[in-house]
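Here's the structure we're looking at; comments come further down.
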Amino acid sequence: MADNAAAQRALYAVIFTVSLAVSTAFTMVPVYAERMGADYMTLGFMGAAAAVGYTVTTLVTGVLLDRYEKVRLYTLFNVAIAASMLTLVLARDVGDLISIRLLLGLTTGTFWVSSSAIVADLSPPELLTHSIAVYNLSWMSGMVAGPLLGGLISDALGFTALFAATALLVAAGAAVTALSPLGRVRLMKSRGAEKKDRSPLGPVAWGYVCLFPYALCCGVYFNIVPGHLSKIGYTATTIGLLLTLSDAAKGAGFLGVERLVRWGTRRSLALISVILAAPLLVFAVTTDLAIMAVVLAVYGLGNGLIEPIILNYIAQRAPAESRGLAMGVYETVFGVGSAISPVAAGLVSEAWTAGTVYTLLAVVVLTTIPLSWWLEEGAGTE
């Protein structure tokens, strides 16, 4: 148990480091593309390329994690992320960025699947909800610091220096994985476990359904919003500050998750859906900096509540022998939503206005309320 505790601490440090690098790069790539002349449609295709790669990899990663040793795979995955992130330095036009975003989607799709599966395997069952909360805070802390850091570095030193630094950070995370107590842990699935459950995802299927409307919002948030803010005149530093504020609010949302879990998943999702929809409606009609800051903070709070609520629901109910697959499908849903929504947002923006996109997303996210009534309440089983 002591070894597992030390391994968990090392894992949380790696999750923070890699999340910091990934969020910094992902926030600034749309801004970089907009400076190269990308329109909303191009930003949409760029986001879709990343999401397609992400979708493919997340499902494959979940299967690999259930078949092979998780920590060694995790180290290899992070090395691949570092190498792919370094290719951003070579980008010379928007076409290059679209190809590189596809590559980044393929590599980063391994990260959250493997991180969450390892956290769940290292945690005692009675502490799983708490471990998931700490896991969420670890990657969220990186995402809070990432956008502002990315804006400051790109304005001061340029995008090339920024992307080189993010690649170095991920490589450092891989080194920590290999050299820390985490590198001495071996997490293997026991043989014969695959036949214990004919439908390993059956108990959590409606969790994925409830996640999908939010996944559509995520595709626009990560791939369209930074470029949109650049188009209406904000500097990279200001954009980074706004998104850091949103991510800080998201981190604050994580702190209330354990209480919401006790309150009930259905009621929690109904409340969170309203919290997400309201700022989307305001975002559709404002360009004022102060209002934008409040809107993104409220939206971030909703993000910080919905993700761990659904992730906890899945982690608690997925069979232990299929947990890698369950986490993989969780991230795959994000990938599918993020592949669809940026292209759809680009088409809507070209046909009507950018504001129409956020109004439609508000309606979409409210569909989570009726969908959540099919969720089971009460604790899951191992």
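Matching residues to (1) small (Gly, Ala, Ser); (2) touching a Leu at 6+ places or on another chain (Cβ under 8 Å); (3) in a helix (DSSP H, G or I):
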{"site": "MET41", "(1), (2), (3)": "no, yes, yes"}
{"site": "THR57", "(1), (2), (3)": "no, yes, yes"}
{"site": "VAL63", "(1), (2), (3)": "no, yes, yes"}
{"site": "ASN78", "(1), (2), (3)": "no, no, yes"}
{"site": "ALA82", "(1), (2), (3)": "yes, yes, yes"}
{"site": "ARG92", "(1), (2), (3)": "no, no, no"}
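Taking segment 146-170 as the range and being touching a residue at least 12 places away in the same chain (Cβ under 8 Å) and surrounded by fewer than 19 Cβ atoms within 10 Å (Cβ to Cβ) as the test, the residues that pass are LEU152, ASP155, THR160, ALA164, ALA165, LEU168. All conditions but one from (1) free of Cβ contacts under 8 Å to residues at least 60 places away in the same chain; (2) of a type in the set (Phe, Trp, Tyr); (3) surrounded by 17 or more Cβ atoms within 10 Å (Cβ to Cβ) apply to TRP352; the one that does not is (3). Can we say THR87 is among the polar types (S, T, N, Q), surrounded by fewer than 24 Cβ atoms within 10 Å (Cβ to Cβ) and free of Cβ contacts under 8 Å to residues at least 24 places away in the same chain? Yes: the conditions hold for THR87. GLY109 passes every criterion in (1) buried (at least 23 other Cβ atoms within 10 Å of the Cβ); (2) modelled with pLDDT under 85; (3) touching an Asp or Glu at 6+ places or on another chain (Cβ under 7 Å) apart from (2).
Could you list, in sequence order, all residues of segment 263-286 that are of a type in the set (A, V, I, L, M) and either in a helix (DSSP H, G or I) or out of contact with any helix residue (DSSP H, G or I) (no Cβ under 9 Å at 6 or more places or on another chain) (or both)? Once the filter is applied, which keeps residues that are of a type in the set (A, V, I, L, M) and either in a helix (DSSP H, G or I) or out of contact with any helix residue (DSSP H, G or I) (no Cβ under 9 Å at 6 or more places or on another chain) (or both), segment 263-286 yields LEU269, ALA270, LEU271, ILE272, VAL274, ILE275, LEU276, ALA277, ALA278, LEU280, LEU281, VAL282.
As for segment 287-302, it holds no residue that is in a helix (DSSP H, G or I) and at pLDDT below 90.
This table checks each residue for (1) surrounded by fewer than 17 Cβ atoms within 10 Å (Cβ to Cβ); (2) of a type in the set (Phe, Trp, Tyr); (3) touching a Leu at 6+ places or on another chain (Cβ under 6 Å).
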| residue | (1), (2), (3) |
| --- | --- |
| GLU331 | no, no, no |
| PHE334 | no, yes, no |
| VAL343 | no, no, no |
| VAL348 | no, no, no |
| LEU361 | no, no, yes |
| THR367 | yes, no, no |
| PRO370 | yes, no, no |
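The values are calculated or read from the model by the stated rules, or taken from the named source; none is laboratory data. The shown structure was predicted, so the numbers you read here are calculated from the model rather than taken from an experiment. Heads up, the Cβs are rebuilt from the backbone with ideal geometry, glycines too, and the neighbour counts pull from every protein chain shown.
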